[in-house]
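Scroll down for the structure; my scribbles are underneath it.
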Amino acid sequence: MTKSNSNNPGFSRRGALRILGAGGAAGLFVPQLLGKPAFAQTPPAAPKGRVVVGLSQEPTVFNPLMPHIEVDDGVDFSVFDALFRIDPTGVIVPNLATEVPSQANGGISEDGLEWRVKLRDDVRWHDGEPFTAEDVKYTLELIVNPDFRAWRTAGHSLVRDITVVSPTEITWRMEEAFAPYISFLTETFMVPKHILSAEADLNNAAFNQAPVGTGAFKWGQRLAGDRLELVANPDYFGEGPYIEQLIFKYIPDMTVLYTQFKSGDIDMVGTHYITPDNYAEASKLADRVVTLVPKGSVESIYLNMEKPQFKDPAVRQALYMAIDRSAIIDALNYGVPKPIETFMPPQSYYYNPDLPAHEFNLEGARKLLDDAGWKPGADGIREKDGVRLSFANSTTSGAHLREQAQQFMQQTFAEIGVEMTIENLPAAVMWGDFWGLSQFDTAMVGITYLIGADPDVTNRFHSKAITAQGGAGSNNAQYKNPEVDALLEEGSRTFDPEKRREIYFRVQEIIRQDLPFLPLFANTQIYGRKAGIQGYVPNTNTRTESWKAASWYWG
């Protein structure tokens with residue numbers, strides 16, 4: 001853990017602004033990346049070569065149904081399959097299923113309660129066993145097994161009466177209509193019943209460290225702290241794979257990650273991609289393709305709402321007002337990301353553009369705290385009712401732009417009588433129980449709130465989704481608002497897009513007012529790969545560059 005309670009004398013908010021004034025923000029061009037490009041080459045008849053993807057964090061969880069972080073997704077999408085997938089245009093398409101059920105084709109009843117899914121008959125697990133409807137039933141039941149540590153149970157907990165009609169057909173009933181469930185199933189990877197049903201302790205099964213899936217790549221080997229190797233599955237039912245090996249290499253320092261991309265040691269920069277301060281140079285590198293892709297994730301300062309410092313709305317409003325967000329975006333991130341006031345990505349149909357705009361105003365922040373009774377103590381730090389306005393902020397060690405942003409905030413918070421210490425942690429620690437069980441004071445984090453393209457955020461903001469309080473979900477801010485709970489429940493039962501839009505617009509209004517997190521910007525990822533890699537298409541509806549590595553090949 002790195003810990004800093006003082007400013008970095010070598011880097012200041014004002015210094016960064018001077019740099020920006022001298023050099024300006026890099027000019028940005030976002031190409032049209034949706035749709036399938038016409039590649040000049042054709043893929044090889046048999047898998048050939050390898051692609052090395054550099055990751056800034058180390059994947060640690062390989063059972064896709066267990067709690068995991070963003071970098072695990074590249075492995076999950078490559079080793080496993082889901083019933084459906086979501087394509088780059090936001091359309092849900094069949095994967096293990098033969099069609100996407102809907103009310104129009106009779107796969108979902110008019111009331112949304114009865115579901116019927118038809119499956120492919122040509123799929124095999126990596127060990128040669130056939131994939132059948134029994135595996136689907138086992139997977140859906142495992143997720144809600146109280147003895148299993150599931151990543152998310154929202155939606156799945158409503159499934160009842162799962163019936164295997166045949167090896168290629170399964171039905172179930174929903175306890176109540178839940179419109180987002182089809183999107184949830186695009187990230188619900190199927191696991192093998194014949195392996196996991198024999199395990200006494202599913203949370204510590206050998207499978208969790210050497211998984212068997214149906215995907216385009218099979219498990220190879222993991223060298224902890226260095227890399228993870230996957231190998232081509234020659235019996236894959238879908239497109240590809242066209243490469244023999246897919247390697248995920250861990251490079252925890254973002255600067256070193258970029259350096260290895262420049263030198264050619266890695267073929268593609270994966271999560272968390274090229275940092276904005278390197279974009280101008282990266283875009284001019286020979287034999288490299290560097291593209292800007294709007295992402296679904298939002299960078300923010302998460303507040304732990306159970307901490308006494310953050311119970312007062314005036315404190316949250318003052319902290320937000322004391323963040324020099326323009327400097328963080330323009331000076332540190334070279335204008336690549338865009339300001340935002342909500343969790344909903346701007347490209348979403350459900351994005352509310354009419355929320356109050358952030359204002360950087362130190363005098364206004366001081367007045368808010370003065371009026372709310374937070375008075376400076378002997379050391380200049382404000383206090384009220386025995387509570388000091390002091391807290392730690394944490395993020396991943398080695399994320400240098402986040403660390404510089406922390407220093408910005410530390411300085412401006414001090415100017416309004418607020419003490420923020422910096423206590424960063426290695427990724428495996430930061431995003432373990434410290435994050436999942438809300439053990440932090442505040443955290444700097446980039447979160448993709450939507451599952452697929454569906455606007456439902458029950459998993460993030462419903463009071464029953466607080467894991468630290470016995471719930472199931474990712475409401476790590478421990479945020480509670482009865483009106484938001486009711487709206488989320490209504491939204492999940494509503495299939496009409498226009499009515500849902502009204503509901504989620506209101507949810508965004510309330511959360512912007514309550515400020516359980518302080519929005520910084522909507523992420524624009526800078527993807528980089530060697531020019532020879534063909535078949536690559538980004539997908540803003542997933543959290544990984546490797547969502548369809550099966551289609552990659554060298555040309």
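The values are calculated or read from the model by the stated rules, or taken from the named source; none is laboratory data. Computed from a prediction, not measured in an experiment: that's the story for all the values here. With ideal geometry, Cβ positions are generated from the backbone for all residues, glycine too; neighbour counts draw on all protein chains shown.
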Quiz item: Under the condition of being touching a residue at least 60 places away in the same chain (Cβ under 8 Å) and assigned to a loop (DSSP other than H, G, I, E, B), which residue from segment 414-438 is farthest from Asn481 (Cα to Cα)?
Solution: Pro426
Quiz item: Inside segment 100-145, can you point out the residues that are aromatic (Phe, Trp, Tyr) and closer than 16 Å to Ile195 by Cβ?
Solution: Trp125, Phe131, Tyr138
Quiz item: Looking at segment 145-163, which of its residues are more than 21 Å from His68 (Cα to Cα) and crowded, with 16+ Cβ neighbours inside 10 Å?
Solution: Leu158, Val159, Ile162
Quiz item: Does at least one position in segment 447-457 carry a residue that is assigned by TED's automatic domain parsing to the domain that holds Thr421, in a strand (DSSP E or B) and more than 30 Å from Ser326 (Cβ to Cβ)?
Solution: yes
Practice problem: Identify the residue in segment 88-117 that is hydrophobic (A, V, I, L, M, F, W, C) and closer than 30 Å to Pro294 by Cα and, among all such residues, is surrounded by the fewest Cβ atoms within 10 Å (Cβ to Cβ). | Solution: Val91
Quiz item: Of Asp161, Asp147, Asp122, Asp127, which residue is out of contact with any helix residue (DSSP H, G or I) (no Cβ under 6 Å at 6 or more places or on another chain), on the phi > 0 side of the Ramachandran plot and not assigned by TED's automatic domain parsing to the domain that holds Asp496?
Solution: Asp161
Quiz item: In the set Glu281, Glu306, which member is over 23 Å from Ile451 (Cβ atoms) and either in contact with a helix residue (DSSP H, G or I) (Cβ under 6 Å, 6 or more places away or on another chain) or assigned by TED's automatic domain parsing to the domain that holds Ser463 (or both)?
Solution: Glu306
Quiz item: Looking only at segment 498-555, which residues are under 15 Å from the mean Cα position of the chain (by Cα), β-branched (Val, Ile, Thr) and not in a loop (DSSP other than H, G, I, E, B)?
Solution: Thr524
Quiz item: Restricting the search to segment 357-382, which residues are surrounded by fewer than 18 Cβ atoms within 10 Å (Cβ to Cβ), within 20 Å of Met409 (Cβ to Cβ) and of a type outside the set (A, V, I, L, M, F, W, C)?
Solution: Glu359, Asn361, Glu363, Gly364, Lys367, Pro376, Asp379, Gly380
Exercise. Evaluate the following for Leu142: is it surrounded by 18 or more Cβ atoms within 10 Å (Cβ to Cβ), within 27 Å of Pro234 (Cα to Cα) and touching a residue at least 24 places away in the same chain (Cβ under 8 Å)?
Key: no
Quiz item: How many residues does segment 510-533 hold that are buried (at least 23 other Cβ atoms within 10 Å of the Cβ) and small (Gly, Ala, Ser)?
Solution: 2
Quiz prompt | Subset of segment 400-419 [crowded, with 22+ Cβ neighbours inside 10 Å and among the hydrophobic types (A, V, I, L, M, F, W, C)] | solution = Ala405, Phe408, Met409, Phe413, Ile416, Val418
Self-check item: Residue count for segment 475-495, restricted to those that are buried (at least 23 other Cβ atoms within 10 Å of the Cβ) and assigned to a loop (DSSP other than H, G, I, E, B)
Solution: 4
Quiz item: Within segment 118-139, can you find the residues that are charged (D, E, K, R) and surrounded by fewer than 16 Cβ atoms within 10 Å (Cβ to Cβ)?
Solution: Asp121, Asp122, Arg124, Asp127, Glu129
